[in-house]
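Let me begin by presenting the structure, written as structure tokens, before commenting on it.
The values are calculated or read from the model by the stated rules, or taken from the named source; none is laboratory data. Nothing here was measured: the structure is a model prediction, and the numbers come from that model. Backbone-built Cβ (ideal geometry, glycine too); neighbour counts: all protein chains shown.
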Amino acid sequence: MLKNKSILVCGCVLIVFAIMISQRNLSPELIFPKCEINKPVQSKITFYLDESVVYKSEIVGKLHEAVAMSNTILANSCVPIIRSFKESQFISMPKSVSSVSSLHSALQEEVGASEIDHLRSNPIEQYVVVLGENHPVVIAQEIHGMTMMNMNDSFIVLSERFPITVLEHEFGHLAWAMHEQPDTESGKFWVNEQVFPDNRKKVKPYAGAYHCSNYGTVMSYATQVVPAYSSPLISNNGEFCGHGVKGDNTRVMQEYAESLR
């Protein structure tokens, strides 16, 4: 009996130890670079909220949280941009549209082409359409967020169910920050398929997301997100969250910020 009890105790200790080992990298220990940001670019965001949004009483608060998260990500990355919530308004978008481009055309008709042209002509202005979770565009495209970065560097579409870091993820796309860039022909194929020929020069070789200790930087597909753009100056549990050659979206965003001045 005593022997069996000893075996049981040893077994429990081994199980606890195994759990500790398996979870040691699940809690982030993030180190961000120290930086002084002088005269940051002031970015303004206009939100158009479709009547299809189910949780109307919650969505504005969630968008304020998302803007705050964007500013946290930018600050952690030493990117000299501050985003602000300019205004929001409810509008009625047709349910007959099923693509982002047709949605944009419908937005112009709803709020006026002159208003959209004004937003597009100012590089520090961006505008976001938020759709209900059951809107045909959300269902057809299976999206939390989407841009038309090849044709429009100011416009974002979100589903109301978007994870809180997705807003800045989409802003990253507008600046040509990219997802993970695998060192394979399939990775090059993705860029060639998704990016118009005239825009391919905008995709820098270092514009890639990165993974560090079971987390991914904000442009990655990871479920656990480091609140920062990829950078070799950021680490998580001792692992670098970027690479100077293929994973430095921070550099992309810093260069983008300078282009806005």
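The number of residues in the stretch 145-160 that are more than 26 Å from His243 (Cβ to Cβ) and not in a loop (DSSP other than H, G, I, E, B) comes to 6. Residues in the stretch 168-193 that are crowded, with 16+ Cβ neighbours inside 10 Å and either at pLDDT 90 or above or aliphatic (A, V, I, L, M) (or both): Glu168, His169, Glu170, Phe171, Gly172, His173, Leu174, Ala175, Trp176, Ala177, Met178, His179.
Being under 22 Å from Met148 (Cα atoms) and modelled with pLDDT of 95 or more holds for only one residue in Ala106, Ala68, Ala75, and it is Ala106. Entry remark, the stretch 32-49: residues being loosely packed, with under 14 Cβ neighbours inside 10 Å and in a strand (DSSP E or B) number 1 in total. Looking at the stretch 161-182, can you tell me whether even one residue there is assigned to a loop (DSSP other than H, G, I, E, B), outside the structural domain of Val252 (by TED's automatic domain parsing) and closer than 17 Å to Ser101 by Cα? There is no residue in the stretch 161-182 that is assigned to a loop (DSSP other than H, G, I, E, B), outside the structural domain of Val252 (by TED's automatic domain parsing) and closer than 17 Å to Ser101 by Cα.
Do the conditions hold for Ile81, that is, is it closer than 30 Å to Gly238 by Cβ, touching a Ser or Thr at 6+ places or on another chain (Cβ under 7 Å) and not assigned by TED's automatic domain parsing to the domain that holds Asn150? Show your work before the answer.
Values: closer than 30 Å to Gly238 by Cβ: yes; touching a Ser or Thr at 6+ places or on another chain (Cβ under 7 Å): yes; not assigned by TED's automatic domain parsing to the domain that holds Asn150: no.
Considered against the rule, which asks whether it is closer than 30 Å to Gly238 by Cβ, touching a Ser or Thr at 6+ places or on another chain (Cβ under 7 Å) and not assigned by TED's automatic domain parsing to the domain that holds Asn150, Ile81 comes out as no.
The residues of the stretch 20-51 that are more than 30 Å from Ile82 (Cβ to Cβ) and modelled with pLDDT under 95, listed by number, are Met20, Ile21, Ser22, Gln23, Arg24, Asn25, Leu26. Of all residues in the stretch 88-104, none are in a strand (DSSP E or B), closer than 30 Å to Phe32 by Cβ and in contact with a Ser or Thr (Cβ under 8 Å, 6 or more places away or on another chain). In the stretch 19-38, the residues that are polar (S, T, N, Q) reach residues that are modelled with pLDDT of 60 or more with C-beta atoms within less than 6 angstrom, at least six apart or across chains, in these pairs: Asn25/Ser213; Asn25/Asn214; Asn25/Asn237. Filtering Asn249, Asn237 for residues that are at pLDDT 95 or above and closer than 14 Å to Met178 by Cβ leaves a single hit, Asn249. As a summary of the residue check, Phe17 satisfies the conditions (1) out of contact with any Asp or Glu (no Cβ under 7 Å at 6 or more places or on another chain); (2) at pLDDT 95 or above except for the one numbered (2). Within the stretch 133-144, the set of residues being touching a helix residue (DSSP H, G or I) at 6+ places or on another chain (Cβ under 7 Å) and buried (at least 22 other Cβ atoms within 10 Å of the Cβ) comprises Val137 only.
Report yes if some residue within the stretch 194-201 is surrounded by fewer than 18 Cβ atoms within 10 Å (Cβ to Cβ), farther than 26 Å from Phe85 by Cα and touching a Leu at 6+ places or on another chain (Cβ under 7 Å); otherwise report no. Working first, answer last.
Applying the first criterion (surrounded by fewer than 18 Cβ atoms within 10 Å (Cβ to Cβ)) to the stretch 194-201 yields 194-201.
From what is left, the residues that are farther than 26 Å from Phe85 by Cα are 194-201.
With touching a Leu at 6+ places or on another chain (Cβ under 7 Å) added as a condition, the list becomes none.
No, the stretch 194-201 has no match at all.
Among the criteria (1) of a type outside the set (A, V, I, L, M); (2) in a loop (DSSP other than H, G, I, E, B); (3) under 18 Å from Glu170 (Cβ atoms), the one His64 does not fulfil is (2).
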